[in-house]
Amino acid sequence: MIKLTTRLIKFLSKKEHTHFINGEYTKANGTNQISVINPATEEEIGKVAIGNSEDVNNAVAAAKKAFAYNSDWRKMSPDDRGKIMYRFADLITEHSESIAQLVTLENGKLIKDARSSDAGGAAKTFRYYAGWCTKIEGETLDLSQPQKGGRQNFAFTRREPIGVVAAIVPWNFPISITAWKVAPALAAGCTVVLKPSEETPLSALLLAELAMEAGMPAGVFNVVTGDGRMTGASLTAHSDVKKITFTGSTFTGKIIGKTAMENVTGVSLELGGKSPAIVFDDATDLDFAAQGVAAGIFRNQGQVCVAGSRVYIQKKVFDKVLTDISHAAEKMKISHGFDESAQLGPLVSKGHLQKVRQYIETGMNEGATLVSGGKDNPMDKGYFLKPTIFSATDNNQTIINEEIFGPVLAAVPFEDMEDALRLANDSQLGLAATVWTKDISKAMAMINRLEAGVVYVNSPVRSDPNLPLGGYKQSGIGRELGKVGVYNYTTLKSVNIVY
Ligand code: TXE
């Protein structure tokens, strides 16, 4: 059993946690709280306040003040801002074990994934964007028309920080997705109010403590805990928020998009996915492809926006590849996240487990063939599920059309490239896709025609700070990460000096 770090023991000893506003823990205005549950043991690990509109107002006011023209943050040189962000990244690395353990406690995920994806991923993202502080630039422009009266001119654009950012994040990668939003926003010179998911709010508070220790001025990074209905809704409706950045369900994304338009607030939405993995019969190594498809769906219990949850396998090799994927699934060790040898942990919550089970039942009722797994809980306690695989003959199944967000894969055979494209693009969503082939011409043709924001060839999708991420169709609006990630938090000013 892993020993909890001293810092984490101290953090958890608090039991009741409040918002982190203007550089300190702040008494909540309301009395309502959320119980944070360890999904492996079903035990409570702490309580957080449910922020009401007053709490949200306080957080936004602190962020607005920290963004004021003559504030420490605004007056700070990009180089100094970068130094604080590097220090923040170093502190995340220094305290990565505390962060990872806390993420495992509140989300259930495997500790090795919490270490690499959450703590490690966040440190990398902050380090990457620390470098961007000094590289934000506009352009000089030659105008298409001469100036009146034969006068000269000099035209250019400036990128300015957009203002107070509301970041609303989900529970599947609580710290790394937070970093995808907070790091570029800070690099651009904005200030942030973060609302973590109600399932995983504690790690966000620990992150806020580290931000202060890194020397971030008070009010630059605030956390208001709470639910979506009250806390999230108050934050997105706030007229002093100038940019909303959201990752979560398509359903909630649509609500937030509508709310944003009330104040004409900028909005980026990273929403659901139902991403296809397409295995051609010429895939370099079919075993490797099968392992990759299994990794692409079962990592993080399938609770990954870019998870390859539909696999299309060319007819000639359908049985072999499906058998290999099933073997990989059946060999996975299911255990709690602190078991270092575990390969599949619990789902995030009881409600989510029920939802995923319901999809498995629907799959069976609609006539898909259950190849392995099923809806039974393989453990005595906790929200566990076996990796589950279905096969079907076409896309006409709920389990192939809706995001399940669990360890559930549906396999369908295809004839040729046109058939694969028809099946893969037949979706309202378009976040990611993977293609498994050794034929570069075929890979390129697929890349050009797949309706997906991210395409990986011969590998499951993995995020990288320098690779933009986002979706086609109802998978979202805008892109995160990379250069566009930092430009999300700037606004463009066009200037023309006539002389
Ligand atoms: O998401 P929600 P949930 C999908 C996945 C999952 C489903 C539901 O299919 O099963 O969404 O998960 C906040 N105004 N994804 O319920 O509701 C909420 O408090 C403002 C895909 O967790 O989208 C939380 O902080 N905020 C996804 C965040 O939105 C609101 C990752 C996400 O919650 C709000 C997670 C409102 N009206 C789930 N309502 C991905 N793309 O990776 C809720 N929230």
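Using a 1.4 angstrom probe, figure out how much accessible area the chain has per residue, in square angstrom, rounded to the nearest whole.
Roughly 41 Å² per residue, with all protein chains present.
Once the piece of chain linking ASP90 and THR41 is laid out straight, how much longer is it, given 0.36 nm per residue of separation minus the C-alpha distance between them?
Between ASP90 and THR41, full extension yields an extra 14.4 nm.
Is the shape of the stretch 276-464 best called rounded, prolate or oblate, per the rule: a/c under 1.5 gives rounded, else a/b larger than b/c gives prolate, else oblate, with a ≥ b ≥ c the square roots of the Cα gyration tensor eigenvalues?
prolate
With all protein chains present, how much of the accessible area of the chain (probe radius 1.4 Å) comes from carbon and sulfur, to the nearest whole percent?
51 percent
Please go through the stretch 274-370 and write out the GluC sites (Glu not before Pro) that DSSP classes as loop and that have at most 15 other C-beta atoms within 10 Å.
For GluC sites (Glu not before Pro) across the stretch 274-370 that sit outside H, G, I, E and B with at most 15 neighbouring Cβ atoms in 10 Å, the list reads GLU340, GLU366.
Just in the stretch 85-137: which GluC sites (Glu not before Pro) are loop by DSSP and have at most 11 other Cβ atoms within 10 Å?
GLU137
Going by alpha carbons, how many degrees (0 to 90, nearest 10) lie between the helix axis of 96-107 and the longest principal axis of the chain?
Tilt of helix 96-107: around 60 degrees.
Treating the angle as unsigned and between 0 and 90°, give the value, to the nearest 10°, between the Cα long axis of helix 53-67 and the longest Cα principal axis of the chain.
60 degrees
When the helices in the chain are scored as -39500 (n - 2.57) per DSSP H run of 4 or longer and the sum is shared across all residues, what 222 nm value do you end up with, to the nearest 500 deg cm²/dmol?
Calculated from helices alone, the mean residue ellipticity at 222 nm is -11000 deg cm²/dmol.
Please compute the contact order of the chain in relative form: average sequence separation of alpha-carbon pairs under 8 Å and at least six residues apart, divided by the residue count, as a percent.
18 percent
Take every DSSP beta bridge whose two residues both sit in the stretch 276-464, then give the antiparallel share in percent to the nearest 5.
Here the antiparallel bridges make up roughly 10 percent for the stretch 276-464.
With 29 Å as the limit, write out which pairs from LYS386/LYS438; LYS243/LYS274; LYS274/LYS386 have Cα-Cα distances beyond it, or answer none.
From the list (LYS386/LYS438; LYS243/LYS274; LYS274/LYS386), the Cα-Cα distance tops 29 Å for LYS386/LYS438.
Measure nothing but the geometry: give the 0 to 90° angle between the long axis through the Cα atoms of 440-449 and the longest principal axis through the Cα atoms of the chain, rounded to 10°.
60 degrees
Please state the shape class of the chain: rounded when a/c is under 1.5, otherwise prolate if a/b exceeds b/c and oblate if not, all from the C-alpha gyration tensor.
Because a/c hits 1.5 or more and a/b fails to exceed b/c, the chain counts as oblate.
In the stretch 130-168, what trypsin sites (Lys or Arg not before Pro) fall in a loop by DSSP, with at most 11 other Cβ atoms inside 10 Å?
ARG151
Given an 8 Å cut-off on Cα distances and at least 6 residues of separation, report the relative contact order of the stretch 276-464 as a percent.
28 percent
Sequence neighbours fewer than 8 away in the same chain don't count; with that in mind, list the aspartates and glutamates whose C-alpha is under 19 Å from LYS242.
By straight Cα distance, LYS242 reaches GLU54, ASP55, GLU160, GLU262, GLU270, GLU480.
Order the following by accessible area, largest value first: SER249, SER441, SER176. Probe radius 1.4 Å; ligands, DNA and RNA are ignored.
Order by accessible area, largest first: SER441, SER249, SER176.
The values are calculated or read from the model by the stated rules, or taken from the named source; none is laboratory data. What you see is a predicted model, and the numbers here were worked out from it, not measured in a lab. Positions of Cβ are backbone-derived with ideal geometry, glycine not excepted, and every protein chain shown enters the neighbour counts. Ligands, DNA and RNA are excluded from the accessible area calculation, which covers all protein heavy atoms including side chains. Shrake-Rupley method; radii C 1.70, N 1.55, O 1.52, S 1.80 Å.
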